[in-house]
Amino acid sequence: MKIADSVALVTGANRGIGRRLAEQLVARGAAKVYATARDPERVDIPGVEPLRLDVTDPASVAAAAAVATDVTLLVNNAGVLTHANLVTGDMDQIRLEMDTHFYGTLRMVRAFAPVLGANGGGAILNTLSALSWFAYDGANAYAAAKAAAWNLTNGIRLELAGQGTLVTGLHLGAADTDMSADVEGDKVDPAEVARTALDGVEAGMLEVLVDNWSRHVKASLARDPGEFYTWVGRAA
């Protein structure tokens, strides 16, 4: 998959990682970049085509797919962070997390898979998270939704292999964006996230792990969970 001369569509392109992805797609020579947002008037990136899109609204997704029939690279980046937990959190917020990260991504894939197939296969990049692989008290709805989106990514990779569509999952800890403004600790520059992600797509990678934290968390899956959740063992 080559970025130069591709036609890309980026969800959630008005800020954060999505904005940086759209900017770098333009800089790398994409022939066209649909920069989507629920309010496209907020998209002010030179060289892109703003497009209205709400991934939680099936009619909005269908309308975008009817316009962007030339897409060869679909970037599923739109996200939300409600800080809801699972046991005591507001169910509407939990549903919003799942509807955005899992069902929203699935809606986009189902709408654009035929487009990609008709245009030679192309690629899909799904923005996931290190929280695909661990839980965190205070963001467990987000973690559960990202875990579902991770296995969705694995599943569609198998289902779309026959039409030649590359499916890449992007994982990172926290990026220095508005959504993570209240998250403590080290944060990755979203421009670096975008650069690494697009390098991975061009290299044909199935997963891109941006930082040491995402690599550490994934490696922990092969070990006893008590080694990772040490405070749980002490509490027991």
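The values are calculated or read from the model by the stated rules, or taken from the named source; none is laboratory data. Since we're looking at a predicted model, the values are computed, not measured. Using ideal geometry, Cβ is built from the backbone for each residue, glycine included, and neighbour counts are taken over all protein chains shown. The accessibility values were calculated without ligands, DNA or RNA, using every heavy atom of the protein model including side chains. Shrake-Rupley method; radii C 1.70, N 1.55, O 1.52, S 1.80 Å.
See the values below:
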item: The chain: relative contact order as a whole-number percent, Cα under 8 Å and 6+ apart; result: 18
item: For the chain, the longest site-free run once chymotrypsin sites (Phe, Trp or Tyr not before Pro) in DSSP loop states with at most 15 other Cβ atoms within 10 Å are removed; result: 1-135
item: Long-range HN-HN contacts of Gly79 with modeled amide H, under 5 Å; result: none
item: For Val167, distant residues with modelled amide H under 5 Å away; result: Ile124
item: Rh by Kirkwood over Cα pairs, then Stokes-Einstein D for region 59-110 at 1.002 mPa s and 20 °C, µm²/s; result: 171
item: Region 71-98 versus region 1-25: alpha-carbon centroid distance in Å; result: 21
item: Rounded if a/c under 1.5, otherwise prolate or oblate - region 78-209, Cα gyration tensor axes; result: oblate
item: Reachable aspartates and glutamates from Lys218, criterion Cα separation under 14 angstrom, eight or more residues apart if same chain; result: Glu207, Glu227
item: Carbon + sulfur, % of accessible area of the chain - ligands and nucleic acids excluded, 1.4 Å; result: 53
item: Region 35-122 - convex hull of the alpha-carbon atoms, volume per residue in Å³; result: 104
item: Karplus-derived HN-Hα couplings along region 80-93 (A = 6.51, B = -1.76, C = 1.60, θ = phi - 60°), whole Hz, x at Gly and Pro; result: 8, 10, 9, 6, 7, 8, 8, 7, 10, x, 5, 5, 5, 5
item: Among Ala65, Ala130, Ala27: highest mean-square fluctuation, GNM of the chain, C-alpha pairs under 10 Å; result: Ala27
item: Dipole magnitude (debye, nearest 20) for region 1-147, charges at Cβ of Lys, Arg, Asp, Glu; result: 380
item: GNM top mover of Val71, Val87, Val217 - the chain, alpha-carbon springs below 10 Å; result: Val87
item: Helix 190-202 vs. the chain, principal-axis angle (Cα, 0 to 90°, nearest 10); result: 60
item: Gaussian network model of the chain, Cα within-10 Å springs - most flexible of Ala84, Ala141, Ala13; result: Ala84
item: Helix-only CD estimate at 222 nm, as mean residue ellipticity for the chain, using -39500 (n - 2.57) per DSSP H run (n ≥ 4); result: -12500 deg cm²/dmol
item: Helix 58-67 axis, angle to the chain major axis (alpha carbon atoms, nearest 10°); result: 40
item: Length-normalised contact order of region 9-63 in % [C-alpha pairs under 8 Å, at least 6 apart]; result: 31
item: Mean separation of Cα contacts under 8 Å, 6 or more apart, over the residue count of region 56-175: relative contact order %; result: 31
item: Tensor-based shape of region 1-79 (alpha-carbon gyration tensor, a/c under 1.5 rounded, otherwise prolate or oblate); result: oblate
